[in-house]
1. Please identify the pairs in which a residue from region 11-28 that is within 14 Å of residue 74 (Cβ to Cβ) has its Cβ atom under 6 Å from the Cβ atom of a residue that is of a type in the set (D, E, K, R) and not in a loop (DSSP other than H, G, I, E, B), counting only partners at least 6 apart or on another chain.
2. Against the conditions (1) open to solvent by less than 70 Å² (accessible area, probe 1.4 Å); (2) at pLDDT below 95, where does residue 250 fall short? Just the number, please.
3. Limited to region 9-54, what total is found for residues that are assigned to a loop (DSSP other than H, G, I, E, B) and of a type in the set (A, V, I, L, M, F, W, C)?
4. Touching a strand residue (DSSP E or B) at 6+ places or on another chain (Cβ under 6 Å) and either at positive phi or among the charged types (D, E, K, R) (or both): does that describe residue 225?
5. Mind listing just one residue for me: the one in region 200-221 that is open to solvent by 50 Å² or more (accessible area, probe 1.4 Å) and in a loop (DSSP other than H, G, I, E, B) and, of those, farthest from residue 79 (Cα to Cα)?
6. Would you mind telling me which numbered condition in (1) of a type outside the set (S, T, N, Q); (2) touching a residue at least 40 places away in the same chain (Cβ under 8 Å); (3) surrounded by fewer than 11 Cβ atoms within 10 Å (Cβ to Cβ); (4) assigned to a loop (DSSP other than H, G, I, E, B) residue 224 fails?
Amino acid sequence: FDSNSGGSADLGAQQAVHLIAGGEYERKHLRLRVEGYWKQYDNLLVRVPDANSEFGTRWANDGTGLARGIDVFAQYGAFLRTRFNGWLSYSLLRSERTQTRWQGDTAMLDDGPAPCDVTHHLTAVGKVRMWRFLTVGTTLRLATGRPHTPILDAQQADPNATGGGYFLPVEGPVGSERLPTFSRVDFSASWYQPFGNGHGATFYVSLANAFGQRNVLGYDYSADYATRTARRSDYDRFVYAGVTLELVRR
């Protein structure tokens, strides 16, 4: 970090300790895998209040964090070998870390859920071979909304400036709110066509976000932070198609 960002030559390396344990089971067309983890973070970089800095804050290794969770993965079947194939993954995550909380032009440290803390995340994919090489499938995605730090009020930075000056946010506890649950369903169909000496082509078409779910990605605020508007994904649904060639070199 340079001096223009409140940096310091005294910053040290961030540290992490990871403990991971898991198991895996396979039998014929079935595969199961479970992993659990515990991760501790120390000396994380975070902006801290500093009255002696012209910026009011400086970077320091004052942050800590903790993450623990479980990942589960199950898969059954194989392409063109079983009539049904698919997989399911689920993750459970709980984490927190030190973050900067802004109270107008004043900064303070607060502990709350890490920005990446998605408590539950489920993905399920299923495909069925309907006739010969024609396969149809669907994909379901569900996830807990990411943590969001609400803005409770605003502080006028320079009331005497032309136009009343600009406003600085007064934030609530970090990560004390969450975005709405994320959901999306896709449908697909494919046709596999072998040709030549071991070659093949897969033609596919997909309908993404079939139900037009416009998930909330974050929030935008007016200049005085009095009005909050949800920022949503840019599309309702879309269709795409293509072909994949598999060429065997002998």
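The values are calculated or read from the model by the stated rules, or taken from the named source; none is laboratory data. These numbers were taken from a predicted model, which means no experiment stands behind them. For neighbour counting, all protein chains shown are included, and Cβ atoms are generated from backbone atoms with ideal geometry for every residue, glycine included. Remember, those area values only see protein heavy atoms, side chains included, never the ligands or the DNA or RNA. Shrake-Rupley method; radii C 1.70, N 1.55, O 1.52, S 1.80 Å.
1. Sorted first by the residue in region 11-28, then by its partner, the pairs are 22/35; 24/33.
2. All conditions are met except number (1).
3. Kept after step one, since they are assigned to a loop (DSSP other than H, G, I, E, B), are these residues of region 9-54: 9-14, 28-29, 50-54.
Next, from what is left, pick out any that are of a type in the set (A, V, I, L, M, F, W, C): 9, 11, 13, 51.
Result for region 9-54: 4.
4. Numbers: touching a strand residue (DSSP E or B) at 6+ places or on another chain (Cβ under 6 Å): yes; either at positive phi or among the charged types (D, E, K, R) (or both): yes.
It is true that residue 225 is touching a strand residue (DSSP E or B) at 6+ places or on another chain (Cβ under 6 Å) and either at positive phi or among the charged types (D, E, K, R) (or both).
5. 214
6. (3)
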